[in-house]
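*Asks:* Got a structure here, written out as structure tokens. Questions coming.
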2 protein chains.
Amino acid sequence: MRNILTLVYKCSVFSKSLPAVTTQYRFNHQLQQWGSNKSHRKIKISNPFRDIIMADPKIEEILAPLRASVKEQGDLVRKLKEEKAPEIDIKKAVAELKTRKKVLEDKELSLAPVEENFDRAKMEDLIKRRFFYDQSFAIYGGITGQFDFGPMGCALKSNMIQLWRKYFILQEQMLEVDCSILTPEPVLKASGHVERFADLMTKDVKSGECFRLDHLIKAHLEKIKSEKNTKAELKAEIEDILVKLDGMNADEMSALMKRFDMKSPISGNELTPPIEFNLMFNTQIGPSGLVKGFLRPETAQGIFVNFKRLLEFNQGRLPFAAAQIGNSFRNEISPRSGLLRVREFTMCEIEHFCDSKDHPKFESIKDTPMLLYSADNQEQGKPAEILTIGEAVAKGIVNNETLGYFMARIHLYMLAVGIDPKKLRFRQHMGNEMAHYACDCWDAECLSSYGWVECVGCADRSAYDLTQHTKATGIRLAAEKKLPAPKQVEIVEAVPNKAAIGKEFKKDAKLINDSLAAMDSAALEDLQQKLENDGSYTLSTQNGEFKLTPNIVSVKKTQKTVHVEEIIPSVIEPSFGIGRILYCILEHNFKMRDGDEQRTYFSLPPTVAPMKCAVLPLSGNAEFQPFVRELSQELISADVSHKVDDSSGSIGRRYARTDEIGVPYAVTVDFDTIKEPHTVTLRERDSMGQIRMPLTDVPVVVRDLANSKISWAHVEEKYPKFEQQESGKGAAA
Amino acid sequence: MRNILTLVYKCSVFSKSLPAVTTQYRFNHQLQQWGSNKSHRKIKISNPFRDIIMADPKIEEILAPLRASVKEQGDLVRKLKEEKAPEIDIKKAVAELKTRKKVLEDKELSLAPVEENFDRAKMEDLIKRRFFYDQSFAIYGGITGQFDFGPMGCALKSNMIQLWRKYFILQEQMLEVDCSILTPEPVLKASGHVERFADLMTKDVKSGECFRLDHLIKAHLEKIKSEKNTKAELKAEIEDILVKLDGMNADEMSALMKRFDMKSPISGNELTPPIEFNLMFNTQIGPSGLVKGFLRPETAQGIFVNFKRLLEFNQGRLPFAAAQIGNSFRNEISPRSGLLRVREFTMCEIEHFCDSKDHPKFESIKDTPMLLYSADNQEQGKPAEILTIGEAVAKGIVNNETLGYFMARIHLYMLAVGIDPKKLRFRQHMGNEMAHYACDCWDAECLSSYGWVECVGCADRSAYDLTQHTKATGIRLAAEKKLPAPKQVEIVEAVPNKAAIGKEFKKDAKLINDSLAAMDSAALEDLQQKLENDGSYTLSTQNGEFKLTPNIVSVKKTQKTVHVEEIIPSVIEPSFGIGRILYCILEHNFKMRDGDEQRTYFSLPPTVAPMKCAVLPLSGNAEFQPFVRELSQELISADVSHKVDDSSGSIGRRYARTDEIGVPYAVTVDFDTIKEPHTVTLRERDSMGQIRMPLTDVPVVVRDLANSKISWAHVEEKYPKFEQQESGKGAAA
């Protein structure tokens, strides 16, 4: 249900339930290509897929009939669409296509080699124990779908955002804005959220307890399916229903509720028929209770309503991009899956306004290899494939250069923050998923223990939003573009009789004048015809309808020489869900030491690691203290976040503690530090390698390591290896 | 009204209407002291008050009787308090004290030399025109009290926050958290916000329009006062009322409404009696409508409810500080004064939890001179005075080292972001302003065209908040401290009969057990007495009262050897209102070029300036383009935010445009740049001085200038001066 609804408004970063679907990649001979990549003009792009396991021909043999079955159905859907078959037929065929896709993907997943030994419970324990994040207001019993980020989670998030600012705001010279969260109703009416941003739910008629309808039906049917005495036939039918559930409307779900006699799973009470529940939190702005407002469900609208100011800031020129980092709110009926479906979340959104979809910097990223799962491949039962973004645009798989440019930039950002390239794909929306006005849409999805998770949406939204706000406010949100040469045009305009309008419509006069001025040529044509033929025209505005007669308004056509043309720019919208990316980063970087399941840690990239460095005195010996203090001061001066751990545990135990929170480097002050020249050991988390270096070099070296200016290999080359055991037994303690 | 209410919960960063009060500082011979400051141990602190204008003896002569009058009343208040006079008498005397203080301060302000020619309208025009910030949703008519930050305002804000992180999180090794905005009701009941975070308002009985009561009364009385036929006697009385208005309660205000027959100033309709309006935005969490929630009115509570997790993260040790940066919301009845009173705002709050109020780093800042306006000076009619924070703590003016340490750090941060030290004072809360549990509270106030504005509160809140949440949840929010030596203590504890409790109270059993476990010794004493004498005890909890009998609970006393003691730490809370500071920074840095009132600009410190650098090709000549592009790329690599302005204006006009948005440095690419060695001019905004330097040096030099690693003087020394006129006429264009 929500899938379709949300997609109309927002490119799906947070749409629908998480896909249980998991696709195993197939990597064929394309892979070799990357080895012999032609030399790049400026940027050397390494191939992150180098170590991907090749597809097993035996597995492909098993999958072949399933692939064929998807293809067959995909072809049917296509045919029906070409023939403009009745919508109900197309819908049925699409549902069947989804069923077959799911069967294929489940099989792929079941056959995939178990890559590693991921233990979610163990990771969640670490996240909770070291307070990366945890449920909000737990001492008051907690609220589902709300999380507080502790010091480590907060620092990780803040580093991710800082890097995002660098990747996008700074490097792409975007205009960052920071807009209000409380949003008055008319804005979200225009964007369509008030009417259609909803999920279906049902209520216990006695207790009032609410259930998200699709979740309830799913749980109910799965229970029946698992019962011993359920017949095979019914089981098969239920399986079919479960697959189609996503696309069902209220009536279809209501019928299921009746047919299977569903009651509240908690109390056994009767349930109400399906209710559309709007997912926005509402409140009143001001004390009168008359101004209805919502907490924004996305940050994008703040950018659209400021379009004119931003265009002016950019001296009237296109293209430009505006960006916003901030919190959005969705009143989920039943939040679940930890950080993946929450009520309050941080988004980073970009609206790139352009009149041409070529991109001047496309050349610089065109050789980036990416795992693309096109709509075509999805419909044809084919796996995702690796292509350079240049090829994808050239072949028309990705609609245009600007969209492709942003996809590549998203890809590079995701790798920089620690997403495993083997667990990152771009999935294209299929025709039936995409909003009617959008011309292409790709989601960056990360593979997690919950399946593929949509983390970033990247949509070409055409001129939809600016057009909607123009209609609602009567203020033209458009840019002017200088024509190559002046041209003669016929100007059609509404000529309002302002005196008559003022007299008749009083306080609405301004709105009516603005609405007339904002009419496009089709509307003006209609106005003229209605006035001539019917003697009146009904104008629809945000304050209702107004009947206009020929004494109130006329339509004038004149010839004019124009030097500029007015354009409503297209919008490319990359939209990042920071919490989801953060969760996937944690999953992709959760590790255990060989042979010691208890020693778990996060191999976070230094750039985003919550702290860059730990400072550990070997023991509580007082002689170490001045060195520890001095080093801490110097690290502060170098802007290096760090933690001094002078607790009493053994050095090995303290290393393990810093590993747990993903600290990439640890400095140990020991008895040799006291002697001149003062030296310390520096240890790298992932390799556990140690070197011995002068104390005074530490701040700059760690800073440069943390900023990826130098590599650990470089440090190992420069300084002598330190062979002491981690237990610290060898040290003169 | 709000003054008193808010202060109970929050150290007043955002309390009450802005003081119209403006005090002129008096700087007497103390000033000389700083010249001969004794040498400091580590940090060299410069004296920001060096150039402050000395007090004029003639002015002091005029003020002397007014000062004496304040002192007289201050002495009376003190005497009444010492004598424990009836509260009503003290209240009256305090109101009279405030009247006299205001008369003194108004006179001081009127006699103060006009320091500069500040034109608020001109500044606001610039802020709007270059989109630092502007009203939210303006195309929809806008909402008062909500603002959107455009690219320059957003960058300024983000740089202020980044510097705040460095000053506090990094340098003080604080634990940063990021907690939920949506807060369930019980949390804010415990903190006291649900009951008492309110303003008085009145409603038009017909239209429902609301007015903040004190604003309405003030406007009404001022109108009467300004009318020609109002008698002098009434005018004097009104003046007296206006001064006392702040301290009036609902009944007193209601009486005024009746006496002066107040009606709606808009419609002339009748008004309702005073209504207490809670300033929190409310909503429902989840779909049932049963979980009432609020948008947090401050970020602090998120830290308090996470106290146990944070203490554990800090390995159980005190002291530690947690900090949070985020948005808070207050549903103001009538927002006003631009960014100073808004409905949605960013705060940076610190909660420093400690068991001792000495501070290990106090020595490092003790010689910081600050302008302090103590409660004592306020009561005695004396001006604010300059003291080092060390002196202030030694003399007992500031309660303790930790409070003093944070005040000095706040002071240093404020100077770093561009607050004029001559317009920054710390005002101590007087006894009647301070919450009953607080032992000291100082506000950092900035002088603006709206008067002195509270920008940062710094309060010693003792153990109030943790105690409140402990009471509400039954979960002890306390730390354990190791005793120097084990000691024998008598342990008094409630021994619940868990079986009996479970049977009798069912779902409330856990709450009752928790509440019993959380009882302090006084409560246990009471419990024992009631059980013995009355045969029962009434336990109050968040879910109501429960009657406990001796078969349900008993009180046991035992001797025990303990090694730790439990302490509920004290809290020092510095709380920053980022929007208010940002506004004051803009006012303090708004400048006009000598002799050209139209050329206005912001002399923002490079650290917080929205962009560090402008890159200007002298003209549209195509030969400049590769140099501009290359330089822009190199600046990006050095993380230097910048703006390329290749528009067609003259170079002088483009300098003016970059000055307007506070860009501190501008690089001009001209015909000499094309020649080898490639050089450019670098111009500094405030002095408009220019030097000529090699193109390749630019990124590093500008980065170091922007980070305050080098000074402009240093750059002028290193590179040759460039004497070209700003008009660019001299250039070979």
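*Asks:* Of all residues in region B:123-142, how many are of a type outside the set (D, E, K, R), touching a residue at least 24 places away in the same chain (Cβ under 8 Å) and assigned to a loop (DSSP other than H, G, I, E, B)?
*Replies:* At the first step, the residues of region B:123-142 found to be of a type outside the set (D, E, K, R) are B:123, B:126-127, B:131-133, B:135-142.
With the extra rule that they be touching a residue at least 24 places away in the same chain (Cβ under 8 Å), the set shrinks to B:123, B:126-127, B:132-133.
Now drop any that are not assigned to a loop (DSSP other than H, G, I, E, B), which leaves B:132.
Selection size over region B:123-142: 1.
*Asks:* Next question, about the same structure. If the requirement is being within 27 Å of A:Ile127 (Cβ to Cβ), within 9 Å of chain A (Cβ to nearest Cβ) and touching a strand residue (DSSP E or B) at 6+ places or on another chain (Cβ under 8 Å), which of these qualifies: B:Gly316, B:Gly326? I'd like the intermediate steps shown before the answer.
*Replies:* Values: B:Gly316 fails: within 9 Å of chain A (Cβ to nearest Cβ).
Step by step, each of B:Gly316, B:Gly326 is checked, and only B:Gly326 is within 27 Å of A:Ile127 (Cβ to Cβ), within 9 Å of chain A (Cβ to nearest Cβ) and touching a strand residue (DSSP E or B) at 6+ places or on another chain (Cβ under 8 Å).
*Asks:* From (1) more than 10 Å from chain B (Cβ to nearest Cβ); (2) closer than 30 Å to A:Met414 by Cβ; (3) more than 19 Å from the chain's Cα centre (by Cα), pick out the condition that doesn't hold for A:Val205.
*Replies:* Unmet condition: (2).
*Asks:* Still on this structure, I have one more. Looking for something at positive phi, out of contact with any Leu (no Cβ under 9 Å at 6 or more places or on another chain) and more than 8 Å from chain A (Cβ to nearest Cβ) - is there at least one such residue anywhere in region B:112-128?
*Replies:* Let us first name the residues in region B:112-128 that are at positive phi, namely none.
No, every residue in region B:112-128 fails to be at positive phi, out of contact with any Leu (no Cβ under 9 Å at 6 or more places or on another chain) and more than 8 Å from chain A (Cβ to nearest Cβ).
*Asks:* So in region A:235-256, with the set limited to residues that are in contact (Cβ under 8 Å) with a residue 40 or more places away in the chain and among the acidic types (Asp, Glu), which one is surrounded by the most Cβ atoms within 10 Å (Cβ to Cβ)? Quick ask: steps written out before the conclusion?
*Replies:* Taking region A:235-256 first, the residues in contact (Cβ under 8 Å) with a residue 40 or more places away in the chain are A:240, A:243-244, A:246-250, A:253.
Still in the running and among the acidic types (Asp, Glu): A:240, A:246.
Details: A:Asp240: 13, A:Asp246: 18.
Of everything passing the filter in region A:235-256, A:Asp246 is surrounded by the most Cβ atoms within 10 Å (Cβ to Cβ).
*Asks:* Determine which single condition A:Arg120 fails, assuming it passes every other condition in (1) open to solvent by 20 Å² or more (accessible area, probe 1.4 Å); (2) in contact with a strand residue (DSSP E or B) (Cβ under 7 Å, 6 or more places away or on another chain); (3) touching a residue at least 24 places away in the same chain (Cβ under 8 Å).
*Replies:* (2)
*Asks:* Looking at (1) closer than 19 Å to A:Leu310 by Cβ; (2) out of contact with any strand residue (DSSP E or B) (no Cβ under 7 Å at 6 or more places or on another chain), which is the one condition that is false for A:Leu447?
*Replies:* Against the list (1) closer than 19 Å to A:Leu310 by Cβ; (2) out of contact with any strand residue (DSSP E or B) (no Cβ under 7 Å at 6 or more places or on another chain), A:Leu447 comes up short only on (1).
*Asks:* Separate question: Does A:Val702 count as at negative phi and out of contact with any Phe, Trp or Tyr (no Cβ under 8 Å at 6 or more places or on another chain)?
*Replies:* On the way: at negative phi: yes; out of contact with any Phe, Trp or Tyr (no Cβ under 8 Å at 6 or more places or on another chain): no.
Spelling it out, it is not the case that A:Val702 is at negative phi and out of contact with any Phe, Trp or Tyr (no Cβ under 8 Å at 6 or more places or on another chain).
*Asks:* So B:Pro664 ticks every box in (1) under 21 Å from A:Asn314 (Cβ atoms); (2) touching an Asp or Glu at 6+ places or on another chain (Cβ under 9 Å); (3) open to solvent by less than 10 Å² (accessible area, probe 1.4 Å) but one. Which box is left unticked?
*Replies:* (1)
*Asks:* Has region A:517-524 got any residue that is closer than 30 Å to A:Ser554 by Cβ and either among the charged types (D, E, K, R) or touching a Pro at 6+ places or on another chain (Cβ under 6 Å) (or both)? Even if it seems obvious, please write down each step before you answer.
*Replies:* Restricting attention to region A:517-524, the residues satisfying the condition of being closer than 30 Å to A:Ser554 by Cβ are A:517-524.
Still in the list and also either among the charged types (D, E, K, R) or touching a Pro at 6+ places or on another chain (Cβ under 6 Å) (or both): A:520.
Yes - at least one qualifying residue is present in region A:517-524.
*Asks:* Could you tell me how many of the residues in region B:183-200 are within 9 Å of chain A (Cβ to nearest Cβ), out of contact with any helix residue (DSSP H, G or I) (no Cβ under 6 Å at 6 or more places or on another chain) and surrounded by fewer than 23 Cβ atoms within 10 Å (Cβ to Cβ)?
*Replies:* 1
*Asks:* Give just the number: which of (1) of a type in the set (Ser, Thr, Tyr); (2) more than 14 Å from every other protein chain (Cβ to nearest Cβ); (3) open to solvent by less than 50 Å² (accessible area, probe 1.4 Å); (4) within 18 Å of A:Arg685 (Cβ to Cβ) does A:Ser619 not satisfy?
*Replies:* Every condition holds for A:Ser619 apart from (4).
*Asks:* For the condition closer than 27 Å to B:Ile139 by Cα, surrounded by 16 or more Cβ atoms within 10 Å (Cβ to Cβ), among the small types (Gly, Ala, Ser) and modelled with pLDDT of 90 or more, what is the one hit in A:Ser515, A:Ser570? Step through it out loud before you land on a result.
*Replies:* Values: A:Ser515 fails: modelled with pLDDT of 90 or more.
When all the criteria are applied, what remains is A:Ser570.
*Asks:* Has region B:214-234 got any residue that is under 30 Å from B:Gln301 (Cβ atoms) and open to solvent by less than 20 Å² (accessible area, probe 1.4 Å)?
*Replies:* First, the residues of region B:214-234 that are under 30 Å from B:Gln301 (Cβ atoms): B:214-215.
Still in the list and also open to solvent by less than 20 Å² (accessible area, probe 1.4 Å): B:214.
For region B:214-234, residues under 30 Å from B:Gln301 (Cβ atoms) and open to solvent by less than 20 Å² (accessible area, probe 1.4 Å): present.
*Asks:* Moving on. When residues of region A:518-540 are filtered for being under 44 Å from the mean Cα position of the chain (by Cα) and either among the small types (Gly, Ala, Ser) or within 24 Å of A:Ile567 (Cβ to Cβ) (or both), how many remain?
*Replies:* The total comes to 11.
*Asks:* I'd like to check something: does region B:274-292 contain any residue that is away from chain A (no Cβ under 11 Å), open to solvent by less than 60 Å² (accessible area, probe 1.4 Å), touching a residue at least 40 places away in the same chain (Cβ under 8 Å) and more than 30 Å from B:Lys482 (Cβ to Cβ)?
*Replies:* Within region B:274-292, one or more residues are away from chain A (no Cβ under 11 Å), open to solvent by less than 60 Å² (accessible area, probe 1.4 Å), touching a residue at least 40 places away in the same chain (Cβ under 8 Å) and more than 30 Å from B:Lys482 (Cβ to Cβ).
*Asks:* Quick one: which strands (runs of 3 or more DSSP E) sit completely within region A:497-602 and have at least 1 residues that are closer than 30 Å to A:Pro319 by Cβ and among the small types (Gly, Ala, Ser)?
*Replies:* On the way: elements: A:537-541, A:544-548, A:553-567, A:570-577, A:590-593, A:596-602.
Qualifying strands (runs of 3 or more DSSP E): A:570-577.
*Asks:* Also, quick follow-up: Taking the stated definitions as given, is A:Gly153 more than 7 Å from chain B (Cβ to nearest Cβ), part of a loop (DSSP other than H, G, I, E, B) and within 19 Å of the chain's Cα centre (by Cα)? Walk me through it before giving the result.
*Replies:* Working: more than 7 Å from chain B (Cβ to nearest Cβ): yes; part of a loop (DSSP other than H, G, I, E, B): no; within 19 Å of the chain's Cα centre (by Cα): yes.
No; evaluated as a whole, the condition is false for this residue.
*Asks:* Moving to a separate point now. Would you be able to tell me the number of residues in region B:129-150 that are of a type in the set (S, T, N, Q) and more than 7 Å from every other protein chain (Cβ to nearest Cβ)?
*Replies:* Number of matching residues: 2.
*Asks:* Moving on to the next point. Answer yes if at least one residue in region A:386-405 is in contact (Cβ under 8 Å) with a residue 60 or more places away in the chain, within 14 Å of another protein chain (Cβ to nearest Cβ) and among the β-branched types (Val, Ile, Thr), and no otherwise. Let's see the steps before the verdict.
*Replies:* Looking only at region A:386-405, we keep the residues that are in contact (Cβ under 8 Å) with a residue 60 or more places away in the chain, and these are A:386-387, A:399-400, A:402-403.
Filter again for within 14 Å of another protein chain (Cβ to nearest Cβ), leaving none.
There is no residue in region A:386-405 that is in contact (Cβ under 8 Å) with a residue 60 or more places away in the chain, within 14 Å of another protein chain (Cβ to nearest Cβ) and among the β-branched types (Val, Ile, Thr).
*Asks:* May I pose another question? Between a first residue in region B:465-479 that is closer than 9 Å to B:Phe307 by Cβ and within 12 Å of chain A (Cβ to nearest Cβ) and a second residue that is aromatic (Phe, Trp, Tyr) and outside any helix (DSSP H, G or I), which pairs have beta carbons less than 9 Å apart while being 6 or more apart in sequence or on different chains?
*Replies:* B:Leu466/B:Phe353
*Asks:* Considering A:Glu270, A:Glu237, which residue is farther than 30 Å from A:Val608 by Cα, away from chain B (no Cβ under 13 Å), out of contact with any helix residue (DSSP H, G or I) (no Cβ under 7 Å at 6 or more places or on another chain) and modelled with pLDDT of 90 or more?
*Replies:* Details: A:Glu237 fails: modelled with pLDDT of 90 or more.
From the options A:Glu270, A:Glu237, the qualifying one is A:Glu270.
*Asks:* Pick from region B:431-487 the residues that are assigned to a strand (DSSP E or B) and basic (Lys, Arg): which of them is most open to solvent (accessible area, probe 1.4 Å)? So that I can check it myself, show each step before the final result.
*Replies:* Taking region B:431-487 first, the residues assigned to a strand (DSSP E or B) are B:440-448, B:451-462, B:479-487.
Filter once more, so that each one left must be basic (Lys, Arg): B:461, B:481-482, B:487.
Numbers: B:Arg461: 7, B:Lys481: 85, B:Lys482: 162, B:Lys487: 96 Å².
This residue is B:Lys482.
*Asks:* Of the residues that sit in region B:302-313 and are touching a residue at least 12 places away in the same chain (Cβ under 8 Å) and facing another protein chain (nearest Cβ under 9 Å), which one is most open to solvent (accessible area, probe 1.4 Å)? Before you say what the answer is, go through the steps one by one.
*Replies:* First pass over region B:302-313, keeping only residues touching a residue at least 12 places away in the same chain (Cβ under 8 Å): B:302-308, B:310-311, B:313.
Checking which are facing another protein chain (nearest Cβ under 9 Å) leaves us with B:302, B:305-308, B:310, B:313.
Numbers: B:Gly302: 10, B:Val305: 11, B:Asn306: 1, B:Phe307: 1, B:Lys308: 95, B:Leu310: 0, B:Phe313: 12 Å².
My answer is B:Lys308.
The values are calculated or read from the model by the stated rules, or taken from the named source; none is laboratory data. Treat the numbers as computed from the prediction; the structure is a model and nothing was measured. A quick note on method: Cβ atoms are made from the backbone with ideal geometry, for glycine too, and the neighbour counts reach across all protein chains shown. For accessibility, only protein heavy atoms count, side chains too; no ligands or nucleic acids. Shrake-Rupley method; radii C 1.70, N 1.55, O 1.52, S 1.80 Å.
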